[in-house]
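Accompanying notes for the structure given below.
The values are calculated or read from the model by the stated rules, or taken from the named source; none is laboratory data. Everything numeric in this text was worked out from a predicted model, so none of it was measured. When we count neighbours, we look across all protein chains shown, and the Cβ atoms used for this are built from the backbone with ideal geometry, even at glycine. What goes into the accessible areas is simple: the full protein's heavy atoms, side chains included, and nothing from ligands, DNA or RNA. Shrake-Rupley method; radii C 1.70, N 1.55, O 1.52, S 1.80 Å.
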Amino acid sequence: MQSSLTLSLSQSATASTIPKSNYTLNHALRFPPSKHINLRFCGLRREALLGSYSLSRSHSLQNKTLSKKINNAISASLSANGSAPKSFDYDLIIIGAGVGGHGAALHAVEKGLKTAIIEGDVVGGTCVNRGCVPSKALLAVSGRMRELQSDHHMKALGLQIAAAGYDRQGVADHANNLAMKIRNNLTNSMKALGVDILTGFGSILGPQTVRYGKLDDSPGNTVTAKDIIVATGSVPFVPKGIEVDGKTVITSDHALKLESVPDWIAIVGSGYIGLEFSDVYTALGSEVTFIEALDQLMPGFDPEIGKLAQRVLINPRKIDYHTGVFATKITPAENGKPVTIELIDAKTKEPKDTLEVDAALIATGRAPFTKGLGLDNVQVALKNGFVPVDERMQVLNFEGNPVPHLYCIGDSNGKMMLAHAASAQGISVVEQITGRDHVLNHLSIPAACFTHPEISMVGLTEPQAREKAEKEGFEVSVTKTSFKANTKALAENEGEGIAKLIYRPDNGEILGVHIFGLHAADLIHEASNAIALGTRIQDIKFAVHAHPTLSEVLDELFKSAKVKAHVPGPVSEPVAV
């Protein structure tokens, strides 16, 4: 997942010494629609609408206090922010040591840049510590439990299993230990390559100048760099009216610690975050109630895939749902009383129901962590909390012009809130600052939801493709294949699922691929790489796939597409969103 601004390490920098390198060169919608904001968490890719709730609500009171302190410190230490330094401590400084910052740092070292990364909490950011990594550990457990608990599945394989059980603390330890291992791996890899890790909260003092230090009014340390990358990530978005106590009303950050498994939990938001946690909780014995502001569950998915996923992932399980409603107020459990959730109709705003549950998980997406960055010192204004950037991730000032030598990647720019997107953006930036112009095609970046079975996608949904086709005047075709026809899936007794291809029959351009089924998250990359490389269907049809493997689902998918013969027409240029 995403990089985070507040990161920590055992290595620290003193006020008088700057370390030197050996190298010489960042659901359910709970607000009325009016403005767009990306709410995405690791595998989360969906457009949501923001209305009366301000993104500043996504930052806790603590973050507001810290921002004020940092701004005071910046004001105290800033003398002439309009002048760029004549010499530099580093070629590249990265603020934020999450997956995006880490990827950029490693690529920068490979390119010969003297590089430093600033962090104030833990290396790895949201993805490693509070997102992708620990959540996949929990989902691995839920997958095993779900399989062992299915008598029908086991009998079909000829297996007999006694009643399956689990140790809650052991499951929690598995997630925590995995996060710790990956965090240590990231830290060690940077240190081994000579990346200087500067401990503290980073902020922009002026052109090519960064302050880092403690969260107080002290001046901290000042360092300079030829180029600066902001990679500060995101935090859970908590809408107005919801009181989070971290125990009975929780965000994904709290849920990943698995301090309890409630008998009945309400999940506000049915996007990627909510869907994955519903998989975990129901496998461990909880009953789940979804609260979704839109009229259908899983609004960010291709509608056909979402409909099938609901039939498999929700309807047979201990899950009920309320759609078309906002949770206007959620009160934590206290003194023996349950968590109370007040619902209103999303359209009429009339009171609709009050729920009483054991716990509530707020899965309404992520908001950028961009407060206190000092961007106003270089004439940059946030847009809905996000750092404005162009297609090359270069930060834009008040007038919409690029700020020289300043870039922003990952969740904090809002283009695509996925950990691997942040890393790809970071690599793209490093390519540019080392002399090779590079524009990342965001439509080639895949996303996945790690339920059982999994959901994955790349490119456009069918409605998006048809809207684009209507505007630009071309035809759209759709073809599908089933996992029920795949030998490997049947051998695993996991034949539930489909793959869907959306394409242009005139020139063979792949517009989108959506997969629901066994190991969908692994299968999507053949399609994403084809989009990235501009490979047309008439060419990829000749690719050879091992038999029997799940990859043959994609093989059959591409072979079933009907492209008009001998019709020239280049695939569209990469699109930067």
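Of the listed pairs K318/K488; K247/K500; K307/K468, which have alpha-carbon separations greater than 32 Å here?
Details: K318/K488 29 Å; K247/K500 41 Å; K307/K468 23 Å.
Listed pairs above 32 Å: K247/K500.
If you take all other residues with their beta carbon under 15 Å from the beta carbon of E304, and give Lys and Arg +1 and Asp and Glu -1, the sum is +2. In the complete set of protein chains, residue-level accessible area for R436 is approximately 130 Å², probe 1.4 angstrom. To the nearest 10, the accessible area of S135 is 10 Å² with a 1.4 Å probe.
Surface calculation, 1.4 Å probe, protein heavy atoms: H174 sits at approximately 80 Å² accessible.
Using only Cα positions of segment 217-296, each an equal point scatterer, no hydration layer, compute I(q)/I(0) via Debye at q = 0.17, 0.27 Å⁻¹ and quote the log10 values to two decimals. Result of the Debye calculation: -0.75, -1.54. Once C-alpha pairs closer than 8 Å and six or more residues apart are averaged by separation and normalised to the residue number of segment 320-450, the relative contact order reads 13 percent.
Can you put D167, D390 in order of accessible area, largest first, using a 1.4 Å probe?
D167, D390
Note: relative contact order over segment 426-499, using C-alpha pairs below 8 Å and six or more positions apart, is 16 percent.
Report, in whole Å, the centroid distance computed from the Cα atoms of segment 217-280 and segment 125-152. Cα centroid of segment 217-280 versus Cα centroid of segment 125-152: 18 Å apart.
Residues D353, D91 ordered from highest to lowest accessible area at a 1.4 Å probe: D353, D91.
Would you work out the relative contact order for segment 207-318, in percent, from Cα pairs under 8 angstrom that are 6 or more residues apart?
Working: 92 pairs, mean separation 18.3, N = 112.
Value for segment 207-318: 16 percent.
Ordering G473, F483, S412 by the projection of their Cα atoms onto the charge dipole of segment 406-542, which places +1 on the Cβ of Lys and Arg and -1 on the Cβ of Asp and Glu, puts G473 at the extreme positive end. Projected over all directions and averaged, the alpha-carbon convex hull of segment 149-199 occupies 6.4 nm². Summing charges over neighbours of N486, with a neighbour being any other residue whose Cβ is under 10 Å away from its Cβ, gives -3 when K and R count +1 and D and E count -1.
May I ask you to give the percent of accessible area on segment 233-357 that is carbon plus sulfur, with a probe radius of 1.4 Å?
Numbers: 2410 of 5050 Å².
Here carbon and sulfur together make up 48 percent of the probe-accessible area.
Figure note: H254, H152 ranked by solvent-accessible area, largest first, 1.4 Å probe, ligands and nucleic acids not counted: H152, H254. Each of V395, I330, V357 was placed along the dipole of segment 289-400 (beta-carbon charges, centred on the mean Cα), and the one lying farthest toward the positive end is V357. Taking a Cβ cut-off of under 12 Å around R466, the surrounding Lys, Arg, Asp and Glu residues balance to a net charge of -3, with basic ones at +1 and acidic ones at -1. Show me, for segment 240-249, the HN-Hα J-couplings you get by feeding each phi into the Karplus relation (A = 6.51, B = -1.76, C = 1.60, θ = phi - 60°), rounded to Hz, glycine and proline as x. Ordered by residue, 3J(HN,Hα) equals 4, x, 10, 9, 9, 9, x, 10, 10, 10 Hz.
Taking the convex hull of the alpha carbon positions in segment 136-248 and averaging its projected area over all directions gives 13.7 nm².
With both labels modelled 7 Å from their Cα along Cα-to-Cβ, the D173 to D320 distance reads 3.8 nm.
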